[in-house]
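Read through the structure below, which is laid out as C-alpha cells, and then see the notes.
The values are calculated or read from the model by the stated rules, or taken from the named source; none is laboratory data. Note that the coordinates shown come from a computational prediction; the quantities given were computed from them, not determined experimentally. Positions of Cβ are generated from backbone atoms using ideal geometry, with glycine treated the same way; all protein chains shown enter the neighbour counts.
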Amino acid sequence: MAKNLNIRIDIINQLIDACITKQFEYYLPSQTNLAAIYNVSRTTIKHAINYLVEKGVVKIEDGLVIIVRTPTDIDKQSYIQVNNSNGNNFLQLESYLQSAVQKKQIKPSDIFTELQLAKAAKVDVQTVRAYLTQFSRFHLVTQLGHGQWKLLEFTQHYADKLFELREMLECHALKCFIELPKDDIRWVDMKFLYEEHKELSKDIVTRYTDFALLDHRFHSLLLSAANNPFINDFIDLISLIFHFHYQWDNRNLQTRNILAVSEHLAILMSILSKDYESAKNELKRHLQTAKKTLIAGISIS
C-alpha cells in the first residue's frame, strides 16, 4: 500500500513541476494522454487531478482540466518511507534488463536464474519473478523451472503475426477516433501531439531520441478511442518490442526516426481533417515501414 501511495505522490509532484515550468500552461491533457506520458494507470492520474482540484490548482469544466493558478513547491506532497521491496524495484530491474540486453550481456537463447538477475540488478528475487512472469506473456522469455529462465529469439514469423494484429487493431481504433464527438477531449490531445511533432521535426537531427515518447503517446491515444481494455494491453507489447527489444538495431536510429516523424505528421494531419481513408492509408504505410525495419533488425542480429 505504501509503494502505491509513493507512486501517486510522485505523479502529483511531477504534474506540479510541469505546471510550474509551463509545460502545461492553460489546461492538462486528458487522463489517457497523461497516463501515457507518465506511464501510469488512469486511476493514478485521476487521483492526482483530484488532489490538484482540492488544492485549487485546477478546475474541471466541460471535461477540460483547466489550470487556474501556478502551483508552488508548497503544494507538493512529501514521500513516505518504505522498505526496499517497493514499486521502484520494478523500474530498477527494467532499467538494468534494458541495458543488459542492448549491450548484448544477455542474448537470445541465454539461460539465467532469478537469483543471478536479482543480484545484478540489486533487487529482490520476488521482484524478478513477478517481472519475468509478466514479461513471459509476450513469449519473449520462458520459464524453465527451478528459478531458471530463457530469453527467446524474436523471429520473422512473430513479427508478421504482430503486425497483422497491430494493423487490424490500429485501423479499427482510427475509425473509432474519427467518429469521436467533436467536443471529446482527445481531439485537443491529438492537436497538441500534432504541434509537438511539428516542433520536434524542426530539430529532429539532434533530438531524434525524443521520438520514442511521442510515438508511445500517439499510438496510446489512437488506441484509446477503441475503449477496449484488451487493446490497451496491446500498447505494452508495442512499446516493449519497438523501444526495448534486444534484437533492435540502433545504428540507423536517427534516419528511422526522421522518417517516422514525417509519417506521423501525415497521419495526424489526415486525422485532424477527419479524412479516414487518407489517415488509414498513411497509417498502413507507417506500419509497413516499421515492419520492414524490425525484420531488417532481426536479419542483422
Can you tell me how many residues in region 19-50 are buried (at least 18 other Cβ atoms within 10 Å of the Cβ) and free of Cβ contacts under 8 Å to residues at least 40 places away in the same chain?
8
The conditions are (1) at pLDDT 75 or above; (2) out of contact with any Phe, Trp or Tyr (no Cβ under 8 Å at 6 or more places or on another chain), and residue 120 fails exactly one of them. Which is it?
(2)
Restricting to region 177-200, what's the tally of residues that are part of a helix (DSSP H, G or I), touching a residue at least 12 places away in the same chain (Cβ under 8 Å) and either surrounded by fewer than 15 Cβ atoms within 10 Å (Cβ to Cβ) or out of contact with any Leu (no Cβ under 9 Å at 6 or more places or on another chain) (or both)?
4
With criteria (1) more than 22 Å from residue 36 (Cβ to Cβ); (2) assigned to a loop (DSSP other than H, G, I, E, B); (3) modelled with pLDDT of 70 or more, residue 284 comes up short on (2)
Among the numbered criteria (1) at pLDDT 95 or above; (2) hydroxyl-bearing (Ser, Thr, Tyr); (3) over 20 Å from residue 198 (Cα atoms), which one does residue 301 miss?
(1)
For residue 108, state whether it is part of a loop (DSSP other than H, G, I, E, B) and modelled with pLDDT of 90 or more.
no
Condition set without any contact (Cβ under 8 Å) to a residue 40 or more places away in the chain and under 25 Å from the mean Cα position of the chain (by Cα), scope region 136-157, selection nearest to residue 107 (Cα to Cα): answer is 141
What are the residues in region 259-277 that are free of Cβ contacts under 8 Å to residues at least 12 places away in the same chain and farther than 11 Å from residue 174 by Cα, if any?
273
Where in region 1-61 are the helices (runs of 4 or more DSSP H), entirely inside, with at least 1 residues that are under 24 Å from residue 196 (Cβ atoms) and of a type in the set (Asp, Glu)?
2-20
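Rundown of residues vs (1) of a type outside the set (Lys, Arg); (2) farther than 23 Å from residue 295 by Cβ; (3) over 17 Å from the mean Cα position of the chain (by Cα); (4) modelled with pLDDT under 75, yes/no style:
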| site | (1), (2), (3), (4) |
| --- | --- |
| 191 | no, yes, yes, no |
| 202 | no, yes, yes, no |
| 219 | yes, no, no, no |
| 234 | yes, no, no, yes |
| 246 | yes, no, yes, yes |
| 257 | yes, no, no, no |
